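Presented below is the structure to which this report refers.
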Amino acid sequence: MKFSEVSDVTSPGASFFREAKSFADTDSVSYPVFTAEWSAPAEAAGRGDRTPDRAGCGLSEPPACTSACDLELREKTAMRLAALVRDSGDAIIIRDFEDRIIAWNSGAQKMYGYTEAEALGMSLGRLIPENESTRTQEQIRLSAQGKKPAPIETRRRAKDGRILDVLLTVTVLQDENGVPVELAATERDITEQKRADRELRRLYTRVISAQETERKRMARDLHDGVGQILSGVKYRIESLSRKTGLKVGAAAQLIEMEGLMGRAISEVRLVSKNLMPPELCDLGLEPALRTLCRDFRESSGIAVTLRTVRIPAAVPPELALALFRITQEALNNIGKHSKATMVTVDLSRKRREVVLSVSDNGIGFASGGDRQPAGRGIGLGSMRERAKSNGGRIEFNSVPGAGTTLTVHVPLSGPGKTAV
Ligand SMILES: Nc1ncnc2c1ncn2[C@@H]1O[C@H](COP(=O)(O)OP(=O)(O)OP(=O)(O)O)[C@@H](O)[C@H]1O
Ligand SMILES: [Mg+2]
């Protein structure tokens, strides 16, 4: 069959194949699976390269190799690769451009429940759940260019109807002329890992929510309980110190006590505000961030610029709280670790997303993407979980000596709408 004869546009394999063919037509490609790891002896000898020894185990000076020797080495390599594929715990499936399965290893049998005899000739579509769109085009494009594509997550249906989460890598197999002939897929069952991740996230969300309830209670108790008592004591001290006939020393002590009481009241107010900022509940995210940045500037002496662009007045309360807590921890970290002199907090709305970024010009730390320094505090992990439990993601970009930027993307519509 020629490629142009592939007409079933609904068949994923058919479209993959057409794409692979077009990538291969424009780019120089290698033959990813079956090409031996070394060059043909004639070419290698010409370049002075070292080639495998006759037994195929280890390198030696180029032997006076015959084409029979070359063939033997290639056969050995092919046998080794075949054994690896056969015994792999991952499912390894090869299909033709009509989506018919033409190779099925024991890992595939174990994962999906079809025996090799049942699977050979079967359409790959039987493994794909309804409404599952597998985004393999990019993998095919990279593979056809001889690059190594990153695996993607998708879902598969086993023979007994179970839906599995799998990590999928698609490789284009080409013939000697670089023409794509088959598609090989390596599929790893990550169902259990995904379930554990979901459970962990659910637990974490509950912990965060219990923590917030407790913070709210403590903030209220501090403000309405201890705060009120201290105010009462301060008022009485003031009245006492205004009385006439006091000894000079006693009057001075009362004035001093009044000052101390004032400081105690301010401290209690600050702790209560940090536990649950009243602006966040009463006025919304933007005013709460403004107060947070102002307080941070005053307490740390670090210059802070807050920029907000198109933030809706009514950000959902859970999202507002998450963004506030992330900013609060980021500023805490800057104050504790960064030695920065300048901080910028950016909050903007981009289409249906809110994007928050906090950057400093401090000492930075070794990190990248959503990685974080291992074995230290819980602040970075907590920020990441807050972003994820709101359906978003967080990236830490920090280079030692060149400052830190964290960026959070969260959908305005809540956790249900965006894949975590
Ligand atoms: N802005 C920053 N500049 C420099 N280093 C940072 C910055 N933010 C975080 N770090 C580094 O990352 C580490 C982990 O931060 P994390 O917030 O998780 O823990 P912590 O602040 O040490 O403790 P905790 O947050 O639990 O009180 C810090 O110990 C620090 O070394
Ligand atoms: Mg911290």
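Bear in mind that the values in this text are calculations on the coordinates, not laboratory data. Note that the coordinates shown come from a computational prediction; the quantities given were computed from them, not determined experimentally. Here the Cβ positions follow ideal geometry from the backbone for every residue, glycine too, while neighbour counts run over all protein chains shown.
Secondary structure note: in segment 278-420, about 75% of the DSSP beta bridges are antiparallel.
Phi angles across segment 240-256 convert, under the Karplus curve 6.51 cos²θ - 1.76 cosθ + 1.60 with θ = phi - 60°, into 3J(HN,Hα) values of 4, 5, 7, 5, 8, x, 6, 5, 4, x, 5, 4, 4, 5, 5, 5, 5 Hz, Gly and Pro given as x.
Packing, as the average of other Cβ atoms within 10 Å across residues, places the peptides 219-227, 273-281 in the order 273-281, 219-227, highest first.
Its Cα centre serving as origin, segment 195-276 has a Cβ charge dipole (Lys and Arg +1, Asp and Glu -1) of approximately 260 debye.
Using Cα pairs under 8 angstrom and six or more residues apart, how large is the relative contact order of segment 195-276, in percent? Worked out over segment 195-276, it gives 46 percent. Just add up the charged neighbours of Ile163: K/R +1, D/E -1, any other residue whose Cβ is under 15 Å from the Cβ of Ile163. Cβ neighbours under 15 Å give a net charge of +1. Straight-distance candidates among the lysines for linking to Lys273, with alpha-carbon spacing under 23 Å and chain neighbours fewer than 8 residues away dropped: Lys216, Lys234, Lys336. A cut-off of 5 Å between modelled amide H atoms, ignoring neighbours fewer than 5 places along the same chain, links Ala340 with Ile363.
With an 8 Å Cα cut-off and a minimum separation of 6 or more residues, compute the relative contact order for segment 289-414 in percent.
On the way: 236 pairs, mean separation 31.7, N = 126.
Reported as a whole number, the value is 25 percent.
In plain terms, the residue of Thr291, Thr171, Thr244, Thr341 with the fewest other Cβ atoms within 10 Å comes first and the most crowded comes last, giving Thr244, Thr341, Thr291, Thr171.
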